[in-house]
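Q: The structure's right below; bear with me while I get my questions together.
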Amino acid sequence: MNDFKKLTVWQRSMDLSVKIYTYTKGFPKGELFGLTSQMRRSAVSIPSNIIVEGAGRNSNKEFSQFIGIAKGSLFELETQIILSSRIGYLQNEQLSDLENDSKAIHKMLYGLQKSLNKD
């Protein structure tokens, strides 16, 4: 997978990462090394595991394992998004926006992993 930038799931997960960075800029400064940092690391982990870790591997089985890790990072991020909303750090429209992105990326990751496991 040399031209990973063409993968829609990679593009969408990069867009989600940018949104997370943008939205967490408004979080309290006391969260910089807490929830802000955790959310940013989770978000960046998704596209990183899709391509940098996964697509650079030698087999579909290895790639599929890293898609699984990306899915785990996305679940972790979803939990952090919900927590951020519950404690008032995210507005309702931001929550809805992030949840919609997350659902779409989940579907794409599931489809990609399913296609890799056909062999």
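Q: Which ³J(HN,Hα) values, rounded to whole Hz and listed in residue order, are derived for the range 60-71 from phi using the Karplus coefficients 6.51, -1.76 and 1.60 in 6.51 cos²θ - 1.76 cosθ + 1.60 with θ = phi - 60°, glycine and proline given as x?
A: So the J values, rounded to whole Hz, are 5, 4, 5, 4, 4, 4, 6, 5, x, 5, 4, 4.
Q: Identify the trypsin sites (Lys or Arg not before Pro) of the range 57-119 meeting these criteria: DSSP loop state and at most 16 other C-beta atoms within 10 Å of the C-beta.
A: Within the range 57-119, the qualifying trypsin sites (Lys or Arg not before Pro) (loop, at most 16 other Cβ atoms within 10 Å) are Arg57, Lys118.
Q: Among Ile69, Ile20, Ile87, which one shows the biggest mean-square fluctuation in a GNM of the chain, springs joining Cα atoms closer than 10 Å?
A: Evaluated over the chain, the most mobile residue of the options is Ile87.
Q: Which chymotrypsin sites (Phe, Trp or Tyr not before Pro) in the range 1-50 sit in a loop by DSSP (not H, G, I, E or B) and have at most 13 other Cβ atoms within 10 Å of their own Cβ?
A: Taking the range 1-50 and a limit of 13 other Cβ atoms within 10 Å, the loop chymotrypsin sites (Phe, Trp or Tyr not before Pro) found are Phe33.
Q: Leaving ligands and nucleic acids out of the surface, order Val9, Val44, Val18 by accessible area at 1.4 Å, largest first.
A: Val18, Val44, Val9
Q: A follow-up question, please. For the pair Ser96 and Lys114, how long in nm is the line joining their label points, each one 7 Å along Cα→Cβ?
A: Once both label points are built, they end up 2.8 nm from each other.
Q: Before rounding to the nearest 500, sum -39500 (n - 2.57) across all DSSP H runs of length at least 4 in the chain and divide by the residue total; then give [θ] at 222 nm in deg cm²/dmol.
A: -24000 deg cm²/dmol
Q: Please compute the contact order of the chain in relative form: average sequence separation of alpha-carbon pairs under 8 Å and at least six residues apart, divided by the residue count, as a percent.
A: It rounds to 30 percent for the chain.
Q: Using a 1.4 angstrom probe on heavy atoms only, work out the carbon and sulfur share of the accessible area of the chain in %.
A: 53 percent
Q: Taking only protein heavy atoms and a 1.4 Å probe, what accessible area per residue, in Å², does the chain have with all protein chains in place?
A: Details: 6940 Å² over 119 residues.
In whole numbers, the chain has 58 Å² accessible per residue.
Q: Follow-up. Once Rh for the chain is found with the Kirkwood sum over Cα pairs, what is the Stokes-Einstein diffusion coefficient at 10 °C and 1.306 mPa s, in µm²/s?
A: Rounded, D is 109 µm²/s.
Q: Turning to a different aspect of this structure: With no solvent and one equal point scatterer placed on each C-alpha of the range 79-119, evaluate the Debye formula and give log10 I(q)/I(0) for q = 0.15, 0.18, 0.19, 0.23 Å⁻¹, two decimals.
A: Here log10 of I(q) over I(0) equals -0.47, -0.57, -0.60, -0.71.
The values are calculated or read from the model by the stated rules, or taken from the named source; none is laboratory data. Just so we're clear, the structure is a prediction, and the values are computed from it rather than from any experiment. Don't worry about glycine lacking a Cβ; one is built from the backbone with ideal geometry, like all the others, and counts go over all protein chains shown. Accessible surface areas use protein heavy atoms only, side chains included; no ligands, DNA or RNA. Shrake-Rupley method; radii C 1.70, N 1.55, O 1.52, S 1.80 Å.
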